[in-house]
1. Looking only at the stretch 42-86, which residues have a backbone nitrogen under 16 Å from a spot 7 Å from the Cα of ARG93 in the C-beta direction?
2. On the accessible surface of the stretch 23-101, probed at 1.4 Å, how many percent belong to carbon and sulfur atoms?
3. When the chain is fully extended, how far beyond the present Cα-Cα distance does LEU124 get from ALA40, taking 0.36 nm per residue of separation?
4. Sorted by average packing, counted as other Cβ atoms within 10 angstrom per residue and highest first, what order do 56-68, 36-48 take?
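The values are calculated or read from the model by the stated rules, or taken from the named source; none is laboratory data. Computed from a predicted structure; not experimentally measured. Please note: Cβ atoms are built from the backbone with ideal geometry, for glycine as well, and neighbour counts cover all protein chains shown. Ligands, DNA and RNA are excluded from the accessible area calculation, which covers all protein heavy atoms including side chains. Shrake-Rupley method; radii C 1.70, N 1.55, O 1.52, S 1.80 Å.
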Amino acid sequence: LGCMVCVLYIHTMQAPPPTTVLRGHRSEVTSVRFAPWADARGQPTLLSGSGDGELRAWSLRTHRSVVTLAAHSGKALIGIHALGGGRIITQGRDGFVRIWDLERSGGGGGGSGHCGGGGGSTPLLEHNASCLSFCQAVPAPSAAPGVAHDGVPPLPPLV
């Protein structure tokens, strides 16, 4: 009988160098999402959350943070879902799911702002989900589809 030889080739490939480094978070970045809106010049907005619960919206034109929120004070921000019109949903390790209006915070539509307290640093809606899974945290709709509650559009369906 013949001899069978199996050879496994392992090639090491280096990652390309970064084109941009966004500096601002004081803790590790735990969640990143592109927003469905752009700034005044048509550049996309990037959303990021960190281990200390901070949320930032970044202008990819200027490479600067345009909004900073203490979204989940001291607890890791584990999920970001971008809605339209400058609104986003965040979930933190504190068990809360919150809806934010970044335009009220001064940066959703291309403005700038820092929200450490007051103004837009208050969520539009807050739900104590008491869990860490976003799928478990989203409550069943209580109103007819497409009906807003207190001026906040309903959550999009999860597929």
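1. 49-55, 71-80
2. 47
3. 27.8 nm
4. Top of the packing list down: 56-68, 36-48.
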